[in-house]
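K.L.:
Take this structure, written in structure tokens, and hold onto it; I'll ask about it next.
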Amino acid sequence: MKEEKCRIVENRNLNGTYYVMKIEAEAVASTAQPGNFVMLLTTSGTDPLLKRPFGIFRAEPPYIWLYYEVVGKGTSLMARMKSGDRTVVLGPLGNSFPLLQSRNVLLIAGGRGIAPVFYAAGWYNAANTVRLLYGARSKEDLNLLEEIEALGLDETLLYTDDGSAGKKGFLTEELGDIVRGRNIDATISCGPEAMFEAIFEKIGDNGIDNYISMEAFMGCGFGICHSCAVMSGDGTYKKVCKDGPVFRLEDIQWRR
């Protein structure tokens, strides 16, 4: 973990509210692994005071890429950043996805959860059979399709809630059939909690390895502020920033 003064190389607008930011951050990029995240300073002032957490979308030293949606003050300020601007990045933070080889891997990405899943896809693709389920609210929220196609995955299935792209409905609706039909033996997921709950209901007790990357509000990013605590299966609390963000699906307590 290192706090690094960085240069914005590019802040590319995708379709209005979604951006990909390329940052020159050599110390972070050289040690990052899929599943890690960073805390990024969004202003040189004091409002907002705290850095914001972002999963790493891609890392090729000396650069990292972040994929983000403008949803509040911090990301609105990020969207105004331009090439040559300076910021501060703390990272890489958290744990990473497990190393997998010779497995039938299913990647599951809900909305902005595509960021760490995309990073994992490039990592796993050389030594595994890799498929992707990618879902979002509508086609406007289903981004990075050209980058995904360039990965050359074995299969990509797209879903939108409103049917404006891919299949209509939630990506978890056919999950059980897909896991059984493709002989999936490991899943890697990132998205909203409701998606994880649905994954648990569909395949949580089937004996395969299920790993999730959790999203949470964070103040510090390294375990001091306790703002990202979640309840584990044994009733104790885990910190998403320090104990995660990657957990086994079955190790988190989901609503029944």
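Computed from the coordinates by the stated procedures, all read-outs in this text should not be read as laboratory data. Quick caveat, the model's predicted, so the values are computed rather than measured. Virtual Cβ from ideal backbone geometry, glycine too; neighbours counted across all protein chains shown.
K.L.:
Let me know the shape class of the range 81-164, please: from the alpha-carbon gyration tensor, a ≥ b ≥ c as square roots of the eigenvalues, rounded when a/c is under 1.5, otherwise prolate if a/b is greater than b/c, or oblate.
P.N.:
oblate
K.L.:
Continuing with this model, one more query. Regarding the range 2-93, what are the three Cα extents along the principal axes, ordered largest first, in Å?
P.N.:
Over the range 2-93, Cα extents along the principal axes are 29, 29, 24 Å.
K.L.:
How big is the charge dipole of the range 68-157 about its Cα centre, in debye rounded to the nearest 20, if each Lys and Arg gets +1 on its Cβ and each Asp and Glu gets -1 on its Cβ?
P.N.:
For this selection, approximately 380 debye.
K.L.:
Would you compute the Debye intensity of the range 124-195 from its alpha-carbon atoms alone, equal scatterers and no solvent, and pass along log10 I(q)/I(0) at q = 0.11, 0.14, 0.22, 0.25 Å⁻¹ to two decimals?
P.N.:
-0.28, -0.45, -1.12, -1.33
K.L.:
Would you order PHE57, PHE37, PHE200 from fewest to most other beta-carbon atoms within 10 Å of each residue's own beta-carbon?
P.N.:
PHE200, PHE57, PHE37
K.L.:
Fewest to most neighbouring Cβ within 10 Å: what's the order for THR87, THR75, THR31?
P.N.:
Placing the least packed residue first, the sequence is THR31, THR75, THR87.
K.L.:
Treat every Asp and Glu Cβ in the range 104-251 as -1 and every Lys and Arg Cβ as +1, leave all other atoms uncharged, and give the resulting dipole magnitude about the Cα centre to the nearest 20 debye.
P.N.:
Here the size comes out at about 220 debye.
K.L.:
Let me ask you something else. For the chain, count all C-alpha to C-alpha pairs, find those more than 30 Å apart, and express that count as a whole percent of the total.
P.N.:
24
K.L.:
Still on this structure, please answer the following. When the C-alpha atoms of the range 12-157 are aligned to their principal axes, what extent does each axis show, in angstrom, from largest down?
P.N.:
Reported extents, whole Å, longest axis first: 48, 34, 22.
K.L.:
Let me ask another. Taking N as the number of residues in the range 216-256, what is its Cα Rg relative to 2.2 N^0.38 Å?
P.N.:
Taking N as the residue count of the range 216-256, the ratio is 1.11.
K.L.:
In addition: Tell me, what does the Kirkwood hydrodynamic radius of the range 130-239 come to in angstroms if you use every pair of distinct C-alpha atoms?
P.N.:
When all Cα pairs of the range 130-239 are included, the Kirkwood radius is 15.8 Å.
K.L.:
Helix 193-203: angle to the longest alpha-carbon principal axis of the chain, degrees 0 to 90, nearest 10?
P.N.:
Roughly 20 degrees between the two axes.
K.L.:
So, one more: For a quick check: sort THR17, THR160 by the number of other beta carbons within 10 angstrom, fewest at the front.
P.N.:
Starting with the residue having the fewest Cβ neighbours, the order is THR17, THR160.
K.L.:
Continuing with this model, one more query. In the range 2-93, if the dipole is taken from +1 on Lys/Arg beta carbons and -1 on Asp/Glu beta carbons about the Cα centre, which of VAL38, MET78, LEU90 is farthest to the positive end?
P.N.:
Looking along the dipole axis, the top candidate is MET78.
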